[in-house]
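Structure provided below as structure tokens; questions to follow.
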Amino acid sequence: MALRTSLLLLCLLLGAALPGRADDGYRLWLKYNLIADAAQRKDYQKAAQFVAVSGQSATLKVAAEELQTGLQGLLGQSVPMLSDAKGKKGGIILQVDAAAADKAGLGPDGYRIYSDKQNLIISGRRDVAVLYGAFALLRQLTTRRTLNNLNISSAPKIQHRLLNHWDNPNGTVERGYAGSSIWKWYELPETIDPRYRDYARANASIGINGTVINNVNASARYLTAEYLQKVAALAGVLRPYGIRVYLSVFWAAPKVIGGLPTSDPLDPRVKQWWTSKTDEVYKAIPDFGGFLVKANSEGEPGPQDYGRTHADGANMLAAALGNHDGLVMWRAFVYKADPKGDRFKAASEEFLPLDGKFAPKVLVQVKNGPIDFQAREPFHPLFGAMPRTPLVLEVQLTQEYLGFATHAVYLAPLIKEVLDADTYAKGQGSTVARVIDGSVDKHSVSGMAGVANIGSDRNWTGHLIGQANWYAYGRLAWDYALTSKAIAEEWTRQTLTTEPQAVQTVAGLMQQTRSIYVRYTTPLGLHHIMGESIHYGPQPWLERSARPDWTSIYYHRADSVGLGFDRTARGSNALALYKPEVQKMWGNAQTIAPDYLLWFHHVPWQQRLSTGRTLWDELCQRYYTGADSVLWLQRQWAAVQPQVDPVLHADVAARLLTQHKEALWWRDACVLYFQTYSRRPIPAPFAPPQRTLADVKRLVDLYQLR
Ligand code: BDP
């Protein structure tokens, strides 16, 4: 018996050490499993016989260690670490070389990887750039690209590549679907969860260099001396990986923790409080990144409580930063409860008059679209409309409106669609990407923010494809010219399989997921018709809420005539916020791309669209084919089963089953509900839903029960 037990144990231990073991997803895209192809391994081995690093910095140390661990895992051989490569050949040398980097125009973060005929050199202006280069070299191996005659130079297009965590001090995550927060506030600063370091590695591997660790609906707690010690401990773990910590601030902090009677930004006591608080923060965290602020939005306090503007508030914080090397990211996500207004215009109404009024350290952070992270939105009209203010693009990686961690939605196509959108601010080619990188309006500071989808789930993101969204976000913030497909392939190779056909299949299905999701939830430019508050499942019938712009009918405007929100001059005229070229593109219901139609037009049910079908028929067509396409996703995923780790494969397969079930909810709920207005039959070849509207309502309303 005892022998059997120990044999079993031995098997288990051996099993855990073998490359083919069950994968729990924890290692993300940094797997470093032994390369199975011996010839390929041999080829790589010739170029990776040692890692040499001169210099002492903590960042160079982690760069060299990552390379050593990665290479040993991939190549199955020991890779010694040397402090000097003199006279040696066939290794990898890490070196900081400011002069060369400057000559090559690499900037502070760009790296170069090249062969000097003896060795592979990874160099950059500073140690962090070398770290990025080390990860890039590992990526060559994990994606099975050659190491011969390498000459790669790469520098980020965006300077501040941030994650925004919506994590609360009690460990919950607002709109988080992958467990609870990874930050263990009650255990910090004494206990450092090893996960913090793995989080830092993952981020550094894709170039993310800053993290706002707490929710924009902020607690004042983080600014207390006690919590700053905890934040400082975390910053200490992230620092070697080039990641700076930022905090979301609660506007009323001077009152709540400072004992002041006011938080008026123009009150000298308030200014003084923020100045000394900021000094205290920098004393604890010398490389602190700065503040993110959600003010006078969704009930949060702000400068308007005192008759001041967003600029007054932001500039006061910028002044408090003084000479510290930090920024203020002031969010433009604001909308007043105005039943007659159009929420689409709200941020523009408040922020356009402030262009040119912000202090140099202030950036205004703008969501990708004017409403709220819907599955497809037109680009936010503030992009290209505030030439005197650097704008940060905020995208949401956590799938608040995109089926949580249950539905597979690869977000690179969504993010790219926004980045590539042309604002025409300074003529053709003034894309959102070029607005935010500063090139359109000659700003010297630039940023991008991704609302994190990371939680305590063993695999970090709940859905495996969520990992790809984290990955793609970092890659695009570094280089928005990368294609979604290339990123999907790169991620798949590192995460799932390097078998070429399987890579094509996985990347191919990933590429379709977002447009499939749009089709079965909000086709043709429908938006904001999801379940109230929870934002899950369909609820197009929602007529009453605490605010009119939290209902669904506010957005879809279905009536006996037709469907859609008229935002032309006959309607809210939100379209006028865009440049004439954009107005021309979207202003005509006959010529607008169908994907955006109902964002801007109220279209008669029987109107024929450019697709050749009437609005009603096209709507049904999209709901039905969208839901059916989830079966296609299932088949594609099933096809790669032999190449993918069984545990990971089964997990995604199960989620795809739920996704199909819920795609049918969406389809049935929406076609049956809109049919009460269109009064048209479901067009052939589609069969009418077998359940009634009341049936689906009951199902979906379950999610609203407390
Ligand atoms: C909305 C979320 C809410 C956030 C808000 C924001 O529902 O939880 O606090 O955005 O971005 O999408 O501030």
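Can you say what percent of the DSSP beta bridges in the chain, counting only those with both residues inside, are antiparallel? Round to 5. Show your work: numbers first, answer last.
Values: 15 of 58 bridges.
About 25 percent, rounded to the nearest 5.
Please work out whether the stretch 496-586 counts as rounded, prolate or oblate from its C-alpha gyration tensor, where a ≥ b ≥ c are the square roots of the eigenvalues and a/c under 1.5 means rounded, while otherwise a/b larger than b/c means prolate and anything else oblate?
Details: a/c = 3.00, a/b = 1.59, b/c = 1.89.
Cα axes put the stretch 496-586 in the oblate bin.
Order Tyr480, Tyr410, most accessible first, counting only protein heavy atoms with a 1.4 angstrom probe. Present the calculation step by step, with values, prior to reporting the outcome.
Values: Tyr480 30, Tyr410 0 Å².
Order by accessible area, largest first: Tyr480, Tyr410.
Could you give each residue of the stretch 397-402 its phi-based ³J(HN,Hα) in whole Hz, using Karplus coefficients 6.51, -1.76, 1.60 with θ = phi - 60°, and x for Gly or Pro?
Values per residue, Gly and Pro as x: 8, 5, 8, 3, 10, 10 Hz.
If amide H atoms are built 1.01 Å from N in the plane of the peptide, which residues on other chains or at least 5 residues away come under 5 Å of the amide H of Asn573?
Thr568
Follow-up. Just the number, please: carbon plus sulfur as a percent of the accessible area of the chain, 1.4 Å probe, no ligands or DNA/RNA counted.
Values: 14270 of 26840 Å².
It is 53 percent, rounded to a whole number.
How high is the relative contact order of the stretch 305-422, in percent, counting Cα pairs under 8 Å that sit 6 or more residues apart? All intermediate terms of the calculation are to be shown ahead of the outcome.
Numbers: 136 pairs, mean separation 26.5, N = 118.
So the answer I get is 22 percent.
State log₁₀ I(q)/I(0) for the stretch 183-320 at q = 0.09, 0.13, 0.21, 0.22 Å⁻¹ as given by the Debye formula over alpha-carbon point scatterers of equal weight, solvent excluded.
-0.28, -0.57, -1.24, -1.32
Determine, for the stretch 35-154, the count of lysine pairs separated by eight or more sequence positions (or lying on different chains) whose alpha-carbon distance falls under 17 Å.
7
I'd like the FRET efficiency for Gln428 and Gln72, computed as 1/(1 + (r/R0)^6) with the beta carbon distance as r and R0 of 60 Å, rounded to 0.05.
On the way: r = 51 Å, r/R0 = 0.84.
Taking R0 as 60 Å, the efficiency between Gln428 and Gln72 is 0.75.
Still on this structure, please answer the following. Starting at the first residue of the stretch 526-542, write each ³J(HN,Hα) from the Karplus equation 6.51 cos²θ - 1.76 cosθ + 1.60 with θ = phi - 60°, in whole Hz, x for Gly and Pro.
Working through the residues one at a time gives 5, 7, 6, 10, 8, x, 4, 6, 6, 6, 10, x, x, 8, x, 7, 5 Hz.
When all alpha-carbon pairs of the chain are counted, what percent fall beyond 51 Å? Don't skip to the answer; put the middle values down first.
On the way: 33548 of 248865 pairs.
The proportion of pairs with Cα distances above 51 Å equals 13 percent.
A follow-up question, please. Rounded, prolate or oblate: pick one for the stretch 160-495, where a ≥ b ≥ c are the square roots of the eigenvalues of its C-alpha gyration tensor, a/c under 1.5 means rounded, and failing that, prolate if a/b is larger than b/c, else oblate. Let's see the in-between values first.
Values: a/c = 1.56, a/b = 1.08, b/c = 1.45.
Judged from the Cα gyration tensor, the stretch 160-495 comes out oblate (a/c at least 1.5, b/c at or above a/b).
To the nearest 10 square angstrom, how much accessible area does Trp273 have with a 1.4 angstrom probe?
Estimated to the nearest 10 Å², Trp273 gives 40 Å².
Per-residue ellipticity at 222 nm for the chain, helices alone: DSSP H runs ≥ 4 residues times -39500 (n - 2.57), over residue total, nearest 500 deg cm²/dmol? Don't skip to the end; give the middle numbers.
Working: 22 runs with 279 residues, N = 706.
That calculation yields -12500 deg cm²/dmol at 222 nm.
I would also like to ask the following. Find the relative contact order for the stretch 156-236 and round it to a whole percent, using C-alpha pairs within less than 8 Å whose residues are 6+ positions apart. Don't jump to the answer; show the numbers that get you there.
Values: 85 pairs, mean separation 33.7, N = 81.
Relative contact order of the stretch 156-236: 42 percent.
Let me ask you something else. For the pair Thr143 and Val445, what calculated FRET efficiency results from E = 1/(1 + (r/R0)^6), where r is the Cβ-Cβ distance and R0 = 35 Å, to the nearest 0.05? Don't skip to the end; give the middle numbers.
On the way: r = 32 Å, r/R0 = 0.92.
So, using R0 = 35 Å, E works out to roughly 0.60.
Could you state the accessible area per residue of the chain in Å², with a 1.4 Å probe and every protein chain left in place? Spell out each step's value before the answer.
Working: 26840 Å² over 706 residues.
I get 38 Å² per residue for this part.
What spacing in nm lies between the two simple spin-label points modelled at Leu482 and Ser276, each 7 Å away from Cα in the Cβ direction?
Label-label distance for Leu482 and Ser276, simple model: 4.6 nm.
While we're on this one: Taking the Cα-to-Cβ direction at Ala569 and at Glu187 and moving 7 Å from each Cα, how far apart do the two end points lie in nm?
If labels sit at Ala569 and Glu187, their model points lie 6.3 nm apart.
Still on this structure, please answer the following. Relative contact order for the chain using alpha-carbon pairs under 8 Å, separation at least 6, rounded to a whole percent?
Values: 1376 pairs, mean separation 77.8, N = 706.
Computed over the chain, the figure is 11 percent.
Given the stretch 91-244, what percent of its DSSP beta bridges are antiparallel, to the nearest 5? Provide the component values of the computation, followed by the final result.
On the way: 10 of 19 bridges.
Given both bridge residues lie in the stretch 91-244, the antiparallel proportion sits at roughly 55 percent.
Go through Gly537, Ile516, Asn33 and say which Cα lies farthest out towards the positive end of the charge dipole of the chain; charges sit on Cβ, +1 for Lys and Arg, -1 for Asp and Glu.
Result: Asn33, furthest along the dipole toward the positive end.
To check you understand DSSP bridge types, tell me what percent of the beta bridges within the stretch 84-175 (both residues inside) are antiparallel, rounded to 5. All intermediate terms of the calculation are to be shown ahead of the outcome.
Values: 10 of 15 bridges.
Of the beta bridges lying entirely in the stretch 84-175, close to 65 percent run antiparallel.
If you take the beta carbon distance between Thr611 and Ala684 as r and set R0 to 22 Å, what does 1/(1 + (r/R0)^6) give as a FRET efficiency, to the nearest 0.05?
Working: r = 16 Å, r/R0 = 0.73.
Once the sixth-power term is evaluated, E becomes 0.85.
Cα-based Rg of the stretch 61-149 per 2.2 N^0.38 Å, rounded to two decimals? Show your work: numbers first, answer last.
On the way: Rg = 12.6 Å, N = 89, 2.2 N^0.38 = 12.1 Å.
For the stretch 61-149, the normalised Cα radius of gyration is 1.04.
Please list the helices of the chain that count as membrane-span-like by this rule: a mean Kyte-Doolittle hydropathy of at least -0.5 together with Cα atoms stretching 27 Å or more along the helix axis, each helix being a complete DSSP H run. Numbers along the way, then the final one.
Working: long enough: 500-521 (32 Å, -0.19); 615-639 (35 Å, -0.40); 646-678 (47 Å, 0.03).
Span-like helices here: 500-521, 615-639, 646-678.
The values are calculated or read from the model by the stated rules, or taken from the named source; none is laboratory data. Because the structure is a prediction, the values reported are computed rather than measured. Please note: Cβ atoms are built from the backbone with ideal geometry, for glycine as well, and neighbour counts cover all protein chains shown. Quick note on the areas: whole protein, heavy atoms, side chains included, nothing else; ligands and nucleic acids left out. Shrake-Rupley method; radii C 1.70, N 1.55, O 1.52, S 1.80 Å.
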